[in-house]
Amino acid sequence: MAPTLDAAALRDRLDSPDRPRLIDVRTTAEFESEHIPGAHNIPLDALQDRRDEIARRLDQDVVLICRSGQRAARAEETLRRSGLVNVHILDGGILAWRRHGFTVNRGRQRWDIERQVRLVAGLIVALSVLASLVVPGLQWVAFAIGAGLTFAALTNSCAMGMLLARLPYNRC
């Protein structure tokens, strides 16, 4: 497992001569909404597609950033498999960075992926239960969404989030 840095430790490292490279693996839209100054945006799916090329280009310490740390952990695993060993994860992600009151660059505000997943999953469940009053069997759609969310929690992955990340709204 990659070493994690808490927000205060990262803040200190950013002022040092051997400043790490910051890579934010959230979607382009999330990055546009807010990011740590000096961070570069490489969304998780793009990082996974170009991991070997990215790993070859990074010769300094790297700190991976996402919303809370989940996607950064997946990105770290991807880069480690490509031979990159100088990778750290911002513990708690940009949420922890903000909690400490550190500076973020803000742009156009958009919903993060987690909020989009909650909206879409909630709508599908609510509408399928209501529609099952007219069309018998539609309650199984709600069951499937619930099972999918349970699987996402157990495996720490989210297929719906990965699909939503590819929508034009999440790409600038």
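Listed values, structure above:
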item	result
Trypsin sites (Lys or Arg not before Pro) lying in DSSP loop within the range 1-92, provided at most 15 other Cβ fall within 10 Å	Arg50
Antiparallel %, DSSP beta bridges [both residues in the chain], to 5	15
9 Å beta-carbon shell around Arg13, net charge (K/R +1, D/E -1)	-2
Unit charges at the beta carbon, dipole of the chain: most positive-side option, Pro168, Gly93, His35	Pro168
Dimensionless Rg/Rh of the range 4-106 - Kirkwood Rh, Rg from C-alpha atoms	0.93
Projected-area mean, the range 113-170, by convex hull of Cα positions, square nanometres	4.1
Dipole magnitude of the range 1-99 about its Cα centre (Cβ charges: Lys, Arg +1; Asp, Glu -1), debye to nearest 20	120
Per residue, the convex hull volume that the Cα atoms of the chain enclose (Å³)	125
Qualifying trypsin sites (Lys or Arg not before Pro) in the range 107-137, DSSP loop, other Cβ atoms within 10 Å at most 14	Arg108
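Taken together, the values in this text are just the output of simple stated rules run on the coordinates, not laboratory data. Every value quoted in this text rests on a predicted model; they were computed, and no experiment measured them. FYI the Cβ positions are ideal-geometry reconstructions off the backbone, even for glycines, and counts take in every protein chain you see.
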